[in-house]
Each structure stands twice: as C-alpha cells, then as structure tokens.
Amino acid sequence: MNQTNTAPLKLTPLNARHRALGARMVPFAGWDMPVEYSGLRQEHLAVRTRAGLFDVTHMGQVELAGKDALDALQWISSNDASRLKVGQAHYAGLTTPAGTFVDDMLVYRLADDHFLLVINASNVEKDVAWITEQTRRFDAAAVNTSARYALIALQGPLARQVLQRISNVDLTTIKYYWFAHGEVAGARGTIARTGYTGEDGFEVFVPPQQAVKVWDAILEAGSDESVIPAGLGARDTLRLEAAMRLYGNDIDDTTTVLEADLEWIVGWAKGEFLGRQALAAQKAGGIARKIVGFEMLDRAIARHGCPALVGEVKVGHVTSGTQTPFVNKAIGMAYLPAERTGLGSEFDVEIRGRLSRARVVPLPFYKRPRG
C-alpha cells in the first residue's frame, strides 16, 4: 500500500520489539509493520506445524453500545447478530445498499447491548464515519476504541498448549469463535479463539502498555516448541491457503456478498438490512460472476490484478495469488463469469504479457485437520 508523505507512520507498542528481532519493516495501511522476520516460508510453516506469533494491533476496533445497539448492528451488517450469545463472535460484512462491502469485520458480543467490531486497518476512519451515519436513528453510539487495544495473535496447532502456560483461563472451555476475559502473563484482557490463518489459535486483546510483556511471555512460553514471530507476508499466504477473503483484493465496494461466495454470512431470516434488497434480487436473478479458487497448470504465478481470459476475451481478474509454502502450489482466487466457475473449468491468466493456464479447484485450498 502506498504511503503518503503527509503523515508519519503509526507505531504499534511492539515496534521496538520487531526491530530488535530483526524484522523487515514496511509501511502498511499507515502503520510501520513487520512483513517478515526469519523468512516468509519458515514463518508460514511454523504456523501450520507449530505456532507463530503475530502483532495485529494495526486492526481497528469500534464499539457499538446502547439500548438499540443490536438493532443498529442488524441494520449495517449482513449477518444475524441476534444469534450471538454474550461471549460469542462471528464474521460479517459491513454492507452498502448495493449489497457490496464497505468492509468485512468480526463482531464480538460483549453484552446484550454492547458489541465490539474488529475492522481493517486501512478502513477505520471510513468505517467509523459510515457506521455513525447509518445508525443515527438508533439509540446507540459507535466509538472508535482502537487506541484501547493491542492485539496479539498466536496461531497454530500448538497455540492452545503454549498460551495455557501463561493464562489463568481454561482455554479448552473457549470454543471456536468464542471468547473469554482473563489474564495472559498477568495482563488483564480478552482471549478470543479466532484468527486469520486457517489454523486453531487465539487473538488476545490487552492494554497497549501490557503488549511487550505479553509478547515476550508468549515467545518464552513457546520456546521449547520453536514458536516464532511471524509477519504480514506469512499472514497473507496463510489466509490465502484458507481462502479467507482480503478486503481491497478479493472483496470491496464493487463486489457483492453473493459474488464473493459468502452467502453464509447473510442473515436472510433477520429482516431488513443495508443491501438486503439488492442481494435478494441478485439471488433471484442469478449472479453474473463469482469468485473461484484456482491452481496454475503452467509453471507461473498469478498475482493480484492479472487478467483472466477465455479464448482471447478478458472475462475477469485475479484477486489474490502466489505460490504458498504448505500447499506448495501456485494458487489464487479470481472473479469469473458464473458459467465458467464449475470445478475443473480452465481459463488463461495473463502474466507479464504471456498466457498461462489455470484450473478452477475447490475452496479452501487448505483445511486444518480436526481432532
């Protein structure tokens, strides 16, 4: 992401730690962030086989509270928040009247009338303005509380046993997409069994002044298992293998929830919400295009923005693509005409002026073993 010269980069509370650990730092969404430490491949494989530690403090937090907080959230969100119990979270779209994405978000129900929304770093100001405007008629207030939190993610099959060593919460009691309040390394915070890697793991919200203590304690607790810090590079390849959509690449304000193949986050039964009518019309009439997963048949790597062609006709574009370390294939996601989205369908991707063959495959590319 291009960084303008008008504002200095924001620093997470862990910035000095990243530099001391030898991280390669890059500008990202206005923040100075680590893209890799020991190398993308090593970090990716650590998360798939052991555990990796991420600083995701750059993500934004908005709290929506008040007598009508649920009604306000139901209006702006695609998913049905009435189904959330206190202590539970879900994934949702922050939708436009056209059924497209202002952003995507995780919604945590803190109390009957109090919700925490975790949104993308690049969209915080836009999202807060949108939420505030769209919820004016409700007795509820939306507040940007991003400065209250440092957010640290421990992801991987060994995440629970490592984090348990320094937490007073029985982590086996926290189900997937649920959360609890308690201590990590003596710091009071919120421990959520969520993540953006396709692995089991936890995201820990703590006060910014406690971030360094918690970060160091997690790395120390996981030293015997070779838990390592991981950067934005591995986070991106991990989420791609898990087919998790990335705002700005796979979804944006030009792509609808149905085109993004995310109908499972549409709460059709909840009544009216922003974009419902557009999505219902699209569902009834049939979508013209849809996102698909693909793997390259030729020796080539497709990247974001590469044109997708059938014959000599451009029919879509690649939204995300790379060679990922664990699946060990050149994979990606792309929007294609609905009639070209069947499994096994082939198309060409234009990469640096040359056409390379690709085939539609099932999503996700990687699914973690259960057990």
**Request:** Mind running the shape call on region 137-263? Use the C-alpha gyration tensor, a ≥ b ≥ c as the square roots of the eigenvalues: rounded below 1.5 for a/c, prolate if a/b tops b/c, oblate otherwise.
**Result:** oblate
**Histogram of C-alpha separations across region 146-219, 10 Å bin width, %** = 22, 60, 18, 0
**Item:** Helix-only CD estimate at 222 nm, as mean residue ellipticity for the chain, using -39500 (n - 2.57) per DSSP H run (n ≥ 4)
**Value:** -5500 deg cm²/dmol
**Item:** Rounded, prolate or oblate (a/c below 1.5 giving rounded, otherwise prolate when a/b exceeds b/c) for region 106-147 by Cα gyration tensor
**Value:** oblate
**Asked** Once Rh is set to the Kirkwood radius over Cα pairs, what Stokes-Einstein translational diffusion coefficient, in µm²/s, holds for region 285-371 at a temperature of 37 °C and a viscosity of 0.692 mPa s?
**Response** 252 µm²/s
**Request:** Give the Kirkwood hydrodynamic radius (Å, one decimal) of region 224-371, defined as one over the mean of 1/r across all pairs of different Cα atoms.
**Result:** 16.5 Å
**Item:** Dipole magnitude of the chain, debye to nearest 20 (Cβ charges: Lys/Arg +1, Asp/Glu -1, about Cα centre)
**Value:** 600 debye
**Request:** Can you find, among A187, A230, A129, the residue farthest towards the positive end of the dipole of region 122-237? Put +1 on the C-beta of Lys and Arg, -1 on that of Asp and Glu.
**Result:** A129
**Fill in**
Taking the dipole of the chain about the Cα centre (Lys, Arg +1; Asp, Glu -1; charges at Cβ), the one of A142, N79, A308 that reaches farthest to the positive side is A308
**Complete:** Between the alpha carbon centres of region 57-105 and region 9-45 the gap in Å comes to 29 Å
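Could you tell me the calculated FRET efficiency between S223 and Q88, based on Cβ-Cβ distance and R0 = 41 angstrom, to the nearest 0.05?
Details: r = 33 Å, r/R0 = 0.80.
Calculated transfer efficiency: 0.80.
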**Request:** Please tell me the relative contact order of the chain in percent, rounded to the nearest whole number, where contacts are Cα pairs under 8 Å and at least six residues apart.
**Result:** 17 percent
**Item:** Proximal aspartates and glutamates to K67, defined as alpha-carbon separation beneath 18 angstrom and excluding residues fewer than eight positions away on the same chain
**Value:** D80, D112, D113, E133, D139
**Request:** Could you name the lysines whose alpha carbon sits less than 21 Å from that of K175, not counting residues in the same chain fewer than 8 places away?
**Result:** K85, K367
**Prompt:** Along the charge dipole of the chain, which of Y37, I152, L297 sits closest to the positive end, that is, farthest toward it, with unit charges on the beta carbon of Lys, Arg, Asp and Glu (+1, +1, -1, -1)?
**Reply:** L297
**Asked** To one decimal place, what orientation-averaged projected area in nm² is obtained for the convex hull of the Cα set of region 28-113?
**Response** 7.9 nm²
**Message:** I want to verify a result. In a Gaussian network model of the chain, Cα cutoff 10 Å, which of these has the top mean-square fluctuation: S223, S356, S167?
**Reply:** S223
**Prompt:** Here are some values of Cα extents along the principal axes in Å: (i) 59, 55, 44; (ii) 98, 58, 34; (iii) 61, 50, 50. Which one was computed from this structure?
**Reply:** (iii)
**Asked** Pulled fully out, how much extra length does the chain show between E183 and L343, if you take 0.36 nm times their separation in residues and subtract their Cα-Cα distance?
**Response** 53.0 nm
**Prompt:** What is the distance in Å between the Cα centres of region 258-281 and region 180-212?
**Reply:** 31 Å
**Item:** Of all DSSP beta bridges in the chain, antiparallel share, percent nearest 5
**Value:** 95 percent
**Request:** For region 131-155 and region 335-354, write down the distance between their C-alpha centroids in whole Å.
**Result:** 39 Å
**Asked** Once you mark the GluC sites (Glu not before Pro) that are in a DSSP loop and have at most 13 other Cβ atoms within 10 Å, what is the longest gap between them in the chain?
**Response** 1-271
**Request:** Determine, for D55, D261, the number of other Cβ atoms within 10 Å of each Cβ, and report the residues in order from fewest to most.
**Result:** D261, D55
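Bear in mind that the values in this text are calculations on the coordinates, not laboratory data. Because the structure is a prediction, the values reported are computed rather than measured. With ideal geometry, Cβ positions are generated from the backbone for all residues, glycine too; neighbour counts draw on all protein chains shown.
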